[in-house]
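Below is one structure, written out as structure tokens, with a few remarks after it.
What follows is calculated from the coordinates using simple rules that are stated; it is not laboratory data. Note that this is a predicted model, so its numbers are computed, not measured. Heads up, the Cβs are rebuilt from the backbone with ideal geometry, glycines too, and the neighbour counts pull from every protein chain shown.
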Amino acid sequence: MITLSVNGRDHQIDADPATPLLYVLRDDLHLNAAKFGCGLGQCGSCMVLADGLPVVSCVTPVVALEGRRIRTVEGLGGADDPGPVQRAFIDEQAAQCGYCIPGFIISAQALLERTPSPSDAEIRTALKPNLCRCGTHIRILRAVRRAADAMRTSVAANPGGEGGQ
Amino acid sequence: MKHSKGSPPELSRRAFLGGGALLVGFTLMPGRLLAQAPREAKGGGDVGLPKALGADPALESWIRIDADGAITVFTGKAELGQGIRTALIQVAAEELSVTPADITLVTADTGRTPNESFTAGSQSMQESGTAILHAAAQVRAILLGLAAERLGLPAERLTIANAAVTAPGGGSLGFGELVADGGLREATARPGTALKPVADYTVIGQGVRRIDIPAKVTGGPAYVQDLRLPGMVHARVVRPPSPSARLRGVDTGEVERMPGVVGVHRDGDYLAVVAEREWQAITASRALASAAVWDERPSLPDENDIFDTLLGLRSEDTVIHDRRLAGTGAAGGGRRLSAEFRRGYQIHGSIGPSCAVGLFEDGGMTVWSHAQGMFPLRAALVEMLGLPEDRVRCIHVEGSGCYGHNGADDAGADAALLARAFPGRPVRVQWMREDEHAWEPFGPAMVSRASGSVGRDGGIADLTYEVWSNAHSTRPGGAGALMPAWHLAQPFEPDPPKPIPQPAGGGDRNAIPLYAIPNARIVHHFLPEMPLRVSALRGLGAYMNVFSLESFMDELAREAGTDPVEFRLRHLDDPRARDVVTLAAERFGWSAARLPSGHGRGFGFARYKNLAAYCAVAVEVMVARETGATRLLRAVAAIDSGQAVNPDGIRNQTEGGIIQSASWTLMERARFDRTRVTSLDWSGYPILRFDQVPESVDVHVIDRPGSPFLGTGEAAQGPTAGAIANAVADATGARLRELPLTSDRVKAAIGV
Ligand code: FES
Ligand code: FES
């Protein structure tokens, strides 16, 4: 049994410790956002946050994540109460097929938690691990900029708040 | 995703739709007729109805209103990430005078929706959009007629809004009430639909937000990959290592004893493993792959002279255009320019590899699939499984964007084969990355040759253009179109490939330029024999032909000493073509002013298929001299898709098309040795990443209210490629004629 903290809750996982986190999230916890794209760490579709850093869950064994705080896109908000990054993606209509988008949201979330006012170059660097085949990139860039503005504004309005966590 | 195990496959659509019975005799409202003129009435059915509606004129096939007022719209098309769901709902909402949120849309399902064949060729709005528009308008007229009877008032005095019909005095009847005792069951579409005046549109033409995006950005179940049926097991197929490999033997004993393994399935050269959990299936499939012994042989052509190989194949030649104006023969022209263009194999490269779920139960097969055609897939599965048609049901569930015929149909076949082998349990088959890269049908390698001259008047005197290409569609069809069926002990052979005829064309799509040229001869050399498996990739031959012709236009413009945009306009008579060219040039700030060193500008234009959307693209690129690396800096496009149902959707599709085409054009090439495909992942087949994304991509939509919807999704592929090649030539002085324009090739061409 492995104990995993996912989106603020502990889960007892009965799986081979070598199982990549992606399959535990999808098959045991029935979470959809992290997607299988390559299984090779090349595309970012499967990204989640571990202690605030983006990790490719398709090549990270669950055993390596015990004791770390895992957040998935589901933990950032739902369709009725989207988090600031999700809201920005909706407002910019930043999706075509949308398959890659959860991975981009994770990269963006990790960036904005560390760097609230990123430059364009910093955004591009942070998003480089993620691939999008539909060519939604320009909207994704706009969505990340919009999310940065929104998160700064909400931190300014509520300085004691957790700022998007 | 919650799905009941589904209605039994044999349930017919009519039975499913059920419902009450509506009305005898209604008068069509007087009004504007045929704004979205049904231009394709010929093939399908009643003259005067859009083709798809003519083929299935029962209105309840398209629109159902329940007694409680719930409105369901049925389309035989599928959401592929192009936003079609939202646009079709907008069309129906407009004519029914309800809000988009009032409508539930059911997409391609052989058990429930009309048969609209494939969702491809940028035809969904033209075909399904037009059919739904007409069906909704007819339902609207029926509802008004019914209300008129009940209220004892002429229909003309009634208003229809908010899912109800209201009398001037205030009496109001909801849609549900109106059809409660009758339904729309007996009503069939009739020619001569009275459509809402375009000036009254409140939903069509609005940038209505995509209804599917909230779930997709919050982890809601949205894709076939997210389907979780009770008792579902996971499968992986162990493909042959190369296209002609044969399975000599495999000892499955050890794999069968691995934890969670439900079973190994072998049928000839077809090998797969099914396990309780997904990771168990993956580990078991790796063990199975090491246990399998294959006989391989070199059956692929030499990558280094693939174009000579293609030119050496037997070809079926068609002169698709031959125009000679008396007295303006080639002799009138100046110096003759000739050029050969090439395009290597490219892949669809969906971010999510293909996936499907199959369930074989009580003699019926259900397959959930993200393929582009549920009815064609069913036909292929019926043949492969030897089941009667009414025992096979195919239900579309979205997948990752496909951009054409990728592995989706094949994954559907895998799911069906494995569901049959393990009956009673839903079997989910997920392809691995290398399966998709190696086995999806590629976009064909192609060669083209252009020659022409500029006359004394400064215009093109003559043009000859020839293109050599394999088929651009090897879709199902028959079971032989399904790759897994090739590997069975009783294999199915693919049908001989056929060219797609003009005017749409396949390899010769857009081979006839829209430009007015006094003497032009265009030849399509169709190559039936396929050295590698190929099929439809977004734009089909248009990508290569527009790249070639737009490159050659610039060569001719240079010969004429004329600015490339001016040169194009000089040869364009169609005012809508002129408008997109002019608008793109203007918004780009097209000029002859000097750009910084290493920068270049380029232009490209085409009307997709010469009958869908008009699209012009202007770009600026930067070429690093030392490395030859080319970056697209900015792109400005103008597009005319006729009546724009959702302008933001058109922009989204076109922006995406430009970026995808930039990736194809600058970096993409499938690789192989004499035996195996070798570009098996994103390092072997790199695509554009965020550091190479342009600074800006601006798309300007020209709306044409009241004119037919024109397909959009593929319109930017060719013009972008032409524009980039022209910009590279402008930046470096070197003309590159082989796709992709990789840094090595650019560097070699500029000789540093
Ligand atoms: S699926 Fe994990 S990086 Fe591609
Ligand atoms: S939106 Fe389809 S892959 Fe990015």
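In percent, rounded to a whole number, the relative contact order of the stretch B:32-212 is 33, using alpha-carbon pairs under 8 Å and six or more apart. In a simple Cβ point-charge model (Lys, Arg +1; Asp, Glu -1; nothing else charged), the stretch A:2-72 has a dipole of about 300 debye relative to its Cα centre.
For the stretch A:2-72, the spread of Cα coordinates along the three principal axes comes to 28, 25, 20 Å, biggest extent given first.
Once the C-beta distance of A:ALA121 and B:ARG246 is scaled by a Förster radius of 35 Å, the resulting FRET efficiency is 0.10 to the nearest 0.05.
Computed over the alpha carbons of the stretch B:452-499, Rg followed by Dmax gives 21.1, 66 Å. Given the C-alpha centroids of the stretch B:490-536 and the stretch A:5-81, what is the distance between them in whole angstrom? Rounded to whole Å, the Cα centres lie 46 Å apart. Were the residues from B:LEU595 through B:ALA339 laid out at 0.36 nm apart, the gain over their Cα-Cα distance would be 89.5 nm. Quote the relative contact order of the stretch A:2-72 in percent (integer), defining contacts as alpha-carbon pairs under 8 Å separated by 6+ residues. Reported relative contact order: 40 percent. Note on B:GLU566 and A:MET1: with the Förster distance fixed at 51 Å, the Cβ-Cβ geometry gives a FRET efficiency of about 0.10. Subtracting the Cα-Cα distance of B:ASP673 and B:ASP574 from 0.36 nm times their residue separation leaves 31.0 nm of extension gain.
Note on B:218-229: average number of Cβ atoms from other chains within 10 Å of each residue's Cβ is 6. Past the 20 angstrom mark, what percentage of all C-alpha to C-alpha distances in chain A do you count? Tail of P(r) above 20 Å: 48 percent of Cα pairs. Hydrodynamic radius of the stretch B:381-477 by the Kirkwood approach over all distinct alpha-carbon pairs: 17.6 Å. Extents of the stretch B:32-212, taken as max minus min of Cα coordinates on every principal axis and listed largest first, are 49, 35, 34 Å.
Translational diffusion coefficient, Stokes-Einstein: compute it for the stretch B:356-418 using the Kirkwood radius over C-alpha pairs as Rh, at 20 °C and 1.002 mPa s, and state it as an integer in µm² s⁻¹. The Stokes-Einstein estimate is 188 µm²/s. Computed over chain A, relative contact order equals 22 percent, with contacts defined as Cα pairs under 8 Å that lie 6+ residues apart. About the centre of its Cα atoms, the stretch B:32-212 shows a dipole size close to 420 debye [charges on the beta carbon of Lys, Arg (+1) and Asp, Glu (-1) only; nearest 20 debye]. Under a Cβ-Cβ cut-off of 13 Å, what is the net charge of the residues other than B:ALA136 that fall near it, where Lys and Arg count +1 and Asp and Glu count -1? Cβ neighbours under 13 Å give a net charge of -1. Taking a ≥ b ≥ c as the square roots of the eigenvalues of the Cα gyration tensor, the stretch B:483-550 is classed as prolate, since a/c reaches at least 1.5 and a/b is larger than b/c. Each 10 Å bin, from zero up to the one with the longest distance, holds this percent of the alpha carbon pairs of the protein assembly as shown: 2, 12, 21, 24, 21, 13, 5, 1, 0. Hey, rough spin-label estimate for B:ALA748 and B:ASP181, points 7 angstrom out along Cα→Cβ, what's it come to in nanometres? A separation of 8.0 nm, rounded to one decimal place.
Helix-only arithmetic for chain B: the sum of -39500 (n - 2.57) across DSSP H runs with n ≥ 4, divided by the residue total, places the mean residue ellipticity at 222 nm at -8500 deg cm²/dmol.
Averaging Cα coordinates gives a centre for the stretch B:423-446 and one for the stretch B:624-675; these two points are 24 Å apart. Projected label points at A:ARG69 and B:VAL293, each 7 Å from Cα along the beta carbon direction, are separated by 5.6 nanometres.
Magnitude of the charge dipole for chain B, about its Cα centre and with charges confined to Cβ atoms of Lys, Arg (+1) and Asp, Glu (-1), is about 660 debye. Calculated over chain B, the projected area of the Cα convex hull averaged across directions stands at 33.5 nm². In plain terms, the chain from B:LEU311 to B:THR104 could stretch by 69.4 nm, reckoned as 0.36 nm per residue minus the Cα-Cα distance. Taking every DSSP bridge with both residues inside the stretch B:578-725, close to 75 percent are antiparallel. Among A:PRO54, B:LEU105, B:HIS571, pick out the residue whose Cα is farthest towards the positive end of the charge dipole of the protein assembly as shown, where Lys and Arg carry +1 and Asp and Glu carry -1 on C-beta, about the Cα centre. Selected residue: B:HIS571.
Two tests apply to each whole DSSP H helix in chain B, Cα reach of 27 Å or more along its axis and mean Kyte-Doolittle hydropathy of at least 0.0, and the ones passing both are B:130-151, B:541-560.
If you take the Cα centroid of the stretch B:137-178 and the Cα centroid of the stretch B:554-617, the two points sit 51 Å apart. Note on B:GLU586 and B:ASP200: with the Förster distance fixed at 25 Å, the Cβ-Cβ geometry gives a FRET efficiency of about 0.20. Across the stretch B:469-621, Cα-Cα distances exceeding 24 Å account for 45% of all pairs. Net charge of the neighbourhood of B:MET232, taken over other residues with C-beta under 9 Å away and scored Lys/Arg +1, Asp/Glu -1, is +3. Taking the square roots of 5 times each eigenvalue of the Cα gyration tensor of the stretch A:84-156, largest first, gives ellipsoid semi-axes of 19, 13, 9 Å. For the stretch B:215-272, taking Cα atoms only, Rg and Dmax work out to 16.2, 47 Å respectively.
Here the stretch B:32-212 carries DSSP beta bridges of which approximately 75% are antiparallel, counting only pairs with both residues inside.
Taking every DSSP beta bridge that has both ends in the protein assembly as shown, the antiparallel portion is near 75%.
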